[in-house]
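Computed from the coordinates by the stated procedures, all read-outs in this text should not be read as laboratory data. Just so it is clear, the structure is predicted and the values come from calculations on it, not from any experiment.
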Amino acid sequence: MTSAGVRWTLVRLASSPPLPRIGGAREATATASASPGRFPGPGGRRSGGVGAATGARRSGGSSEGATRIGGSDAPPLPPSVFGLRRRRNFGSTSPPPWLWGWRLGTIPGSDGRGTTRTATPTSSRSPRRFSSDKDRGAEGGNAEDGDGDVGGTAAPLGGGRARSRPQAPERPVHDVSRLPASLRPYAKLARLDRPAGTWLLLHPCLMSTALAAQPLGTFPDPHLCALFAAGSLIMRGAGCTINDMWDAEYDRKVARTRTRPLAGGELSRTQAWAFLAAQLSAGLGVLLSLPHVERCFWWGAASLPLVATYPLAKRVTNYPQLVLGMTFNWGAIVGWVAVRGEVDWSVVGPLYAGCVAWTLVYDTLYAHQDKDDDARLGLKSTALTFGEGGTKPILTALTGAAWGGWALAGYNAGFGDVFENPCFYAGATAAAGHLLWQVRTADLGDPENLLQKFRSNNLVGWILFGSYMAGNVMAG
């Protein structure tokens, strides 16, 4: 560039008005004498759409006075604005965009088509950052990032709730394709292909059985543990059948659940009713096989209203995960009754409360997978109630409450203090540490990450079962 060109650029910059700040970002305004055929002035160009009179780039909710870059209604920016190769383009134009503090993700093509991509602010004040090419928009301004804007519309840079990444239908853990074709829908309805919930229903039963084993110094009865395993498999399947019967219409509208047998039309409601009757009959058979059968029967029957109404909780309360916790951990009561014949609330109460807090943690993380669909359908969950900012602090506090309940149950059962029974307290602390790790490392916008965290709670349950078993043996 010649010395005359340099002097022209410096003069134009010196004569330009100052750049005020709007919404935490710069207002990039071209001079009124700018050539409309070259660089965009206040009219600007919207990303992926028609030109806007305001030419605004939203930042932190501000919607006026900033520049949008990209689009098709104005002539394309010449390549010379990103270099000084073509002096003739500088004629009587406004200062090029790179002098305003912006760096474009991809420069416009030199073939005249005006192909551009979204702009990335370089100012440290701007909250939007693209961490990788994966987070950038596609050509023509189409982008989907943390703000969830699609198809070239601009998102408020400072506000809004982060949208989860697109979900795929539920993936099975176990392959049920070897079953006869007529039985596969029933296996999927009972979630035999995804057993994580069965384990989570079983663990409170096993913990309570190990805690109640008497006299102190003995292991839990393996026959009783096997009965609880069979009952958990059956009743978890019955709960899933009830849930899907209530939620079939909603499941059809959610990406993760639209392939479930009732939502996908593989089974009719009549078939589901018949299957539920068979499941409840089998569950009754297991219940009547437990010791202290009369007391176990009444305590087991007392859980049925919770099992039947839990799917409604997401329609009427902001805390459906609390109702789920009360339902899923009922086995902590039944397990103790099966061994002792009565309820000692000084032990069972803290155990039950600690397990409910545990369920609130893992199912709130799990519910973040569906938060966008839940909000769209008008359903409620603790993921929506706590919000993006409140979820992790609240779940951290609940993790502490769970640890306290687990430890107090052992202490009240006669395990002694930490010096008398270090194995038990170390195990309970390790389980709480694993739960805290889940909370701290959870990516609330990544369904795959949240699903892995949910499934890892099986390990938490086994650690607790081993801790109560070791604590009982050492206390003897």
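Results, tabulated for the structure shown:
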quantity	calculated
Gyration tensor verdict on the stretch 267-395 (Cα atoms; rounded if a/c is under 1.5, prolate if a/b is larger than b/c, oblate otherwise)	oblate
Cα gyration tensor, the stretch 254-324 - rounded (a/c under 1.5), prolate or oblate	oblate
Span from the the stretch 269-339 Cα centroid across to the the stretch 376-453 one, whole angstrom	24
